[in-house]
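**Student:** There's a structure below that I have some questions on.
The values are calculated or read from the model by the stated rules, or taken from the named source; none is laboratory data. Please read these numbers as outputs of a predicted model, since none were measured by experiment. FYI the Cβ positions are ideal-geometry reconstructions off the backbone, even for glycines, and counts take in every protein chain you see. Side chains are part of the model used for accessible areas, which takes the heavy atoms of the whole protein and leaves out ligands, DNA and RNA. Shrake-Rupley method; radii C 1.70, N 1.55, O 1.52, S 1.80 Å.
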Amino acid sequence: MKPTIISIVIVIVLIGGAFALTKKSDTSAVVDANNVTIVDGKQIVEISAKGGYQPRKSIAKAGVPTIIRFDTNGTFDCSSSVRIPSMNISKSLPQTGKTDIDVGSQEVATLQGTCGMGMYPFEVEFKS
Ligand SMILES: [Cu+2]
């Protein structure tokens with residue numbers, strides 16, 4: 001009787017552990033999400049804006065005409081106001097929708113942006 005209960009407990013712990021591991025790898029998959037696509041020679045970097053920017057850091061290709069596409073979905077905080085100071089870009093996003101910002105063809109460098117008040121950062125690293 002007792003050994004049965006112990007082995008049942010062990011099985012439950014093992015299954016629970018496997019679930020925990022699966023969840024962990026799912027989370028990292030979201031963090032490393034491939035949010036950069038190239039369609040018809042245009043590079044699209046998708047960043048969602050709501051209580052900050054996700055992903056915080058994107059990796060893109062230098063030398064390709066690039067659009068940063070901001071997704072908002074019930075965004076009422078100040079991440080709906082986007083600034084990329086080095087390019088003199090300042091844009092108000094709708095509460096819900098997609099907004100494309102054309103940043104042209106970038107050199108190898110990191111483009112830094114923030115929300116309107118400068119508290120939520122994001123960056124796009126352009127690599128060769
Ligand atoms: Cu802000």
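**Student:** Hey, can you tell me all the residues within the stretch 43-61 that are over 19 Å from residue 76 (Cα atoms) and open to solvent by 70 Å² or more (accessible area, probe 1.4 Å)?
**Tutor:** 57, 59, 61
**Student:** Going through 9, 45, 30 one at a time, which residue ends up being β-branched (Val, Ile, Thr), out of contact with any Leu (no Cβ under 8 Å at 6 or more places or on another chain) and at pLDDT 95 or above?
**Tutor:** Of 9, 45, 30, the one residue that is β-branched (Val, Ile, Thr), out of contact with any Leu (no Cβ under 8 Å at 6 or more places or on another chain) and at pLDDT 95 or above is 45.
**Student:** Can you tell me which residues in the stretch 108-122 are within 16 Å of the ligand (Cβ to nearest atom) and open to solvent by less than 50 Å² (accessible area, probe 1.4 Å)?
**Tutor:** Of the stretch 108-122, the ones within 16 Å of the ligand (Cβ to nearest atom) are 112-122.
Within the stretch 108-122, 113, 114, 115, 116, 118, 122 qualify.
**Student:** Also, I was wondering about something else. Residue check, residue 48 against (1) free of Cβ contacts under 8 Å to residues at least 60 places away in the same chain; (2) not in a strand (DSSP E or B), all met but one. Which one?
**Tutor:** Status for residue 48: all satisfied but (2).
**Student:** Looking at 105, 90, 86, 81, which is the one that is surrounded by fewer than 19 Cβ atoms within 10 Å (Cβ to Cβ), farther than 18 Å from residue 39 by Cα, of a type outside the set (Val, Ile, Thr) and away from the ligand (no atom under 16 Å from the Cβ)? Spell out how you get there, then give the answer.
**Tutor:** Values: 105 fails: farther than 18 Å from residue 39 by Cα; 90 fails: away from the ligand (no atom under 16 Å from the Cβ); 81 fails: away from the ligand (no atom under 16 Å from the Cβ).
On inspection, the qualifying residue turns out to be 86.
**Student:** Oh, and also: Could you give me the residue pairs with C-beta distances under 7 Å whose first residue belongs to the stretch 55-77 and is farther than 10 Å from residue 100 by Cα and among the aliphatic types (A, V, I, L, M), whose second residue is in a strand (DSSP E or B) and open to solvent by less than 20 Å² (accessible area, probe 1.4 Å) wherever it lies, and which are 6+ apart or on separate chains?
**Tutor:** Taking only residues 6 or more apart or on different chains, the pairs are 60/43; 60/45; 60/66; 60/124; 60/126; 62/126; 64/43.
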